[in-house]
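**Student:** What follows is a structure written as structure tokens; I'll ask about it next.
The values are calculated or read from the model by the stated rules, or taken from the named source; none is laboratory data. Computed from a predicted structure; not experimentally measured. As a convention, Cβ positions derive from the backbone with ideal geometry for all residues, glycine included, and neighbour counts pool all protein chains shown.
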Amino acid sequence: MNELNVLLITALSLGFIHTLLGPDHYLPFIVLSRARKWSLSKTLWITFFGGIGHIGGSMILGISGVALGISLSKLELVEASRGNLVAWMLIVFGFFYTVYGVFKYLKNGHHSHLPKFLLPSVIRDYRHLPTTAAEEEKKDWTKLTPWILFLIFIFGPCEVLIPLLIFPASEHNWFGVFAVSTIFGITTIITMLLTVFVGYTGTSLIRFKQVEKYMHMIAGSVILISGIGIRFMGW
């Protein structure tokens with residue numbers, strides 16, 4: 001077995017393992033699909049494009065870096081910086097989505113047991129404004145959620161891809177560079193889709209009626225925890 005075949009098998013294995021061990025690759029899609037009530041097909045399409053953005057960013061960085069002769073240590077430093085950036089992006093997005101979930105919970109009248117003075121004035125005022133479903137949908141900024149996810153995943157690094165490209169690049173084997181990148185990317189995206197499919201199907205078997213009013217808060221909290229885990233716990 002020649003070196004390229006070994007690299008391709010390694011790329012396939014690492015693409016699968018690094019995706020499965022990185023909950024940020026699939027948890028945001030699963031929890032948001034339940035909170036936003038996306039269909040399975042919509043969830044998988046959003047996951048697919050998120051995977052394209054995730055892989056595309058690292059492939060462009062890796063191939064450009066080795067083509068320009070940038071050292072492995074510098075490329076890994078750039079990937080580490082991107083990892084910190086995407087962690088903070090998840091933290092910020094998760095925090096604001098959790099706040100949105102709390103606002104949604106209070107606005108929909110689930111706070112009837114709370115004294116009125118404990119409610120923010122914006123909630124008390126909003127409750128008395130007559131709004132149609134169409135107007136409420138139009139005001140809902142969270143319709144941008146798929147685009148926000150796509151943007152976050154563009155900055156998401158694939159640290160394990162860069163070292164795989166160094167050997168074929170050092171041999172000036174550009175077919176090998178392309179083949180390794182492609183196998184790694186396809187495996188990563190397929191693993192993301194399969195994991196999200198299993199998560200979506202599994203959660204669809206659970207009765208969410210009792211916790212439906214908390215789903216936006218849960219989704220935001222899961223994304224927030226994922227970001228914290230990446231940034232401070234090395235997930």
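**Student:** Farther than 29 Å from W174 by Cα, in contact with a Ser or Thr (Cβ under 6 Å, 6 or more places away or on another chain), of a type in the set (S, T, Y) and at pLDDT 80 or above - does that describe any residue in segment 81-99?
**Tutor:** yes
**Student:** Taking the condition of being within 25 Å of I148 (Cα to Cα) and surrounded by fewer than 15 Cβ atoms within 10 Å (Cβ to Cβ), how many residues in segment 59-75 meet it?
**Tutor:** 1
**Student:** Could we say that V99 is surrounded by fewer than 15 Cβ atoms within 10 Å (Cβ to Cβ), within 29 Å of T145 (Cα to Cα) and either out of contact with any Asp or Glu (no Cβ under 6 Å at 6 or more places or on another chain) or not aromatic (F, W, Y) (or both) here?
**Tutor:** Spelling it out, V99 is indeed surrounded by fewer than 15 Cβ atoms within 10 Å (Cβ to Cβ), within 29 Å of T145 (Cα to Cα) and either out of contact with any Asp or Glu (no Cβ under 6 Å at 6 or more places or on another chain) or not aromatic (F, W, Y) (or both).
**Student:** (1) part of a helix (DSSP H, G or I); (2) modelled with pLDDT under 90; (3) closer than 16 Å to T19 by Cβ: which one isn't true of I186, the others all being true?
**Tutor:** In the conditions (1) part of a helix (DSSP H, G or I); (2) modelled with pLDDT under 90; (3) closer than 16 Å to T19 by Cβ, I186 misses (2) alone.
**Student:** Step by step: first the residues of segment 168-224, then only those that are within 30 Å of G62 (Cβ to Cβ) and of a type in the set (F, W, Y), then the one that is surrounded by the most Cβ atoms within 10 Å (Cβ to Cβ). Which residue is that?
**Tutor:** Residues of segment 168-224 that are within 30 Å of G62 (Cβ to Cβ), as a first pass: 168-199, 222-224.
Cutting the leftovers down to of a type in the set (F, W, Y) gives us 174-175, 178, 184, 197.
Details: W174: 13, F175: 9, F178: 14, F184: 29, F197: 16.
Ranking the qualifying residues of segment 168-224, first place goes to F184.
**Student:** Return the pair list, or none, for Cβ contacts closer than 7 Å from residues in segment 152-168 that are more than 27 Å from F29 (Cβ to Cβ) to residues that are acidic (D, E), at least 6 apart or on different chains.
**Tutor:** Between residues of segment 152-168 that are more than 27 Å from F29 (Cβ to Cβ) and residues that are acidic (D, E), the close pairs are F167/E3.
**Student:** Follow-up. Output the residues belonging to segment 22-47 that are surrounded by 22 or more Cβ atoms within 10 Å (Cβ to Cβ) and not in a helix (DSSP H, G or I).
**Tutor:** Passing the criteria: only Y26.
**Student:** Step by step: first the residues of segment 1-48, then only those that are polar (S, T, N, Q) and within 14 Å of the chain's Cα centre (by Cα), then the one that is farthest from G199 (Cα to Cα). Which residue is that? I'd like the intermediate steps shown before the answer.
**Tutor:** Here is the first cut: in segment 1-48, the ones polar (S, T, N, Q) are 2, 5, 10, 13, 19, 33, 39, 41, 43, 47.
From what is left, the residues that are within 14 Å of the chain's Cα centre (by Cα) are 19, 33, 43, 47.
Numbers: T19: 14, S33: 10, T43: 11, T47: 12 Å.
Checking each candidate, the answer is T19.
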